[in-house]
Amino acid sequence: MKRIYLVILVFIPVLTYSQSNKFFRKALRTVDLKEKINLLNQAIELDSKNLDAYFYRGIAKNDLGDYHGAIVDYSKIIVAKPDADTYYNRGNSRYSQKDFIGAKSDYGRAYNIDSTFVDALYSLGCVKYDLEEYEDAIKDFSKVIKLVPDQPKTYILRASAYKALKQHKKALKDYSLAILAEPSAYTYYNRGIFYLDINHYQKANLDLTAALALNRNNTFAYFYRGASYLFLGKNNEAILDFSTALKFDSTDFDAILGLALTHYKLGDLEKAKSNLQKAISILSPIEHNASPELFSNTYWYQNQYYYFINNIKKLLEL
């Protein structure tokens, strides 16, 4: 009887391990995330040291929006056997929770473990940018560009960091390098917005026109090109672009304000006042009497303050 008892003790762990792997393999084959988690739960119940099961359960939880649950699973792996992929994935879940400090730490650890992990370095630059650590973000993006020089998004992010530091020449160079890497609607659009921000309206107009030639469905490009037309004194073209933007989104208060400003410039006070009231009703549905501060979240107030304030005061008096 003792010999039989000993044999059972030897084989139970082996059978448990084998059954755990069956659940694990089945989980990898299913695309249903809830079913995947259920199968991985069973795998872990049978083998609590199955780190791969924790890893894939973390991914499934993250994809379902259970970022805390994913972080718990990744953390269990990190305590037992830390690796770059798990730190990176935990960084992504923390980033989704807007825990930028935690994400920064995890991306940094992932990159320190594996210096060839470009995605970790790129994500580290992104989270530093979000934390307004622009100089350090630029250093990370520069390293990424050396390793992968043909990705336009990295140039645009580095350009945005230079822009935040008011290093406009370097920013413009990177926006242009992004276009060289990929002359797309995305890259022309971003350089066009930059030109608009630094008051180079004609160049902005050309880039935004190029962006729209490649993608006619970019509602924001219509709005910004409309703004460039307004500043260039091409009022009819501005009205056409603002109106097109409103076809995509009838509640776009920036486009409505653009129409109000343009009609005011044309001397059509009735249409100017009508559009102003439409914008006010969207920004403040209850209160229809407005002051310039009501528009503080608009493009015009934030990016074209002096132009807007000088005109909105006159519009409000109509």
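The values are calculated or read from the model by the stated rules, or taken from the named source; none is laboratory data. Fair warning: this is a prediction, and the values are worked out from it, not measured in the lab. Cβ placement follows ideal geometry from the backbone for every residue including glycine, while neighbour counts extend to all protein chains displayed. The area values use the complete protein model at the heavy-atom level, side chains included, leaving out ligands, DNA and RNA. Shrake-Rupley method; radii C 1.70, N 1.55, O 1.52, S 1.80 Å.
Residues that are within 28 Å of the chain's Cα centre (by Cα), of a type in the set (A, V, I, L, M, F, W, C) and farther than 30 Å from residue 145 by Cα: does the stretch 33-47 have at least one?
For the stretch 33-47, residues within 28 Å of the chain's Cα centre (by Cα), of a type in the set (A, V, I, L, M, F, W, C) and farther than 30 Å from residue 145 by Cα: present.
Give 196, 206 a once-over and let me know the one that is modelled with pLDDT of 95 or more and within 21 Å of residue 157 (Cβ to Cβ).
Checking each option against the conditions leaves just 196.
So the check is Cβ under 8 Å with 6+ separation or different chains; which pairs have a first residue in the stretch 126-154 that's without any contact (Cβ under 8 Å) to a residue 60 or more places away in the chain and within 15 Å of residue 116 (Cα to Cα) and a second one that's open to solvent by 50 Å² or more (accessible area, probe 1.4 Å) and in a helix (DSSP H, G or I)?
As it stands, the answer is 140/122; 141/122; 144/122, since those pairs meet every condition given.
Taking the options 248, 194, 253, 231, name whichever one is in contact with a Ser or Thr (Cβ under 8 Å, 6 or more places away or on another chain) and under 19 Å from residue 305 (Cα atoms).
Answer to the selection: 253.
For the stretch 266-318, which positions are surrounded by 14 or more Cβ atoms within 10 Å (Cβ to Cβ), charged (D, E, K, R) and touching a residue at least 12 places away in the same chain (Cβ under 8 Å)?
Hits for the stretch 266-318 are 271, 273, 278.
Please go through the stretch 240-265 and give me each residue that is surrounded by fewer than 18 Cβ atoms within 10 Å (Cβ to Cβ), touching a helix residue (DSSP H, G or I) at 6+ places or on another chain (Cβ under 6 Å) and part of a helix (DSSP H, G or I), ordered by number.
Residues satisfying the conditions are 248, 265.
Hey, among 160, 75, 142, which residue is modelled with pLDDT of 95 or more, within 30 Å of residue 44 (Cα to Cα) and of a type in the set (S, T, N, Q)?
So the residue among 160, 75, 142 that is modelled with pLDDT of 95 or more, within 30 Å of residue 44 (Cα to Cα) and of a type in the set (S, T, N, Q) is 75.
So that you can scan it fast, the table gives a plain yes or no per residue for (1) small (Gly, Ala, Ser); (2) open to solvent by 20 Å² or more (accessible area, probe 1.4 Å):
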{"position": "175", "(1), (2)": "no, no"}
{"position": "193", "(1), (2)": "no, yes"}
{"position": "201", "(1), (2)": "no, yes"}
{"position": "234", "(1), (2)": "no, yes"}
{"position": "238", "(1), (2)": "yes, no"}
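Residues that are modelled with pLDDT of 95 or more, in contact with a His (Cβ under 9 Å, 6 or more places away or on another chain) and not aliphatic (A, V, I, L, M): list the helices (runs of 4 or more DSSP H) wholly contained in the stretch 266-318 that include at least 2 such residues.
Per the criteria, 269-283.
Just to be sure I understand, how many residues within the stretch 281-313 are farther than 19 Å from residue 242 by Cβ and not aliphatic (A, V, I, L, M)?
Number satisfying all stated conditions: 13.
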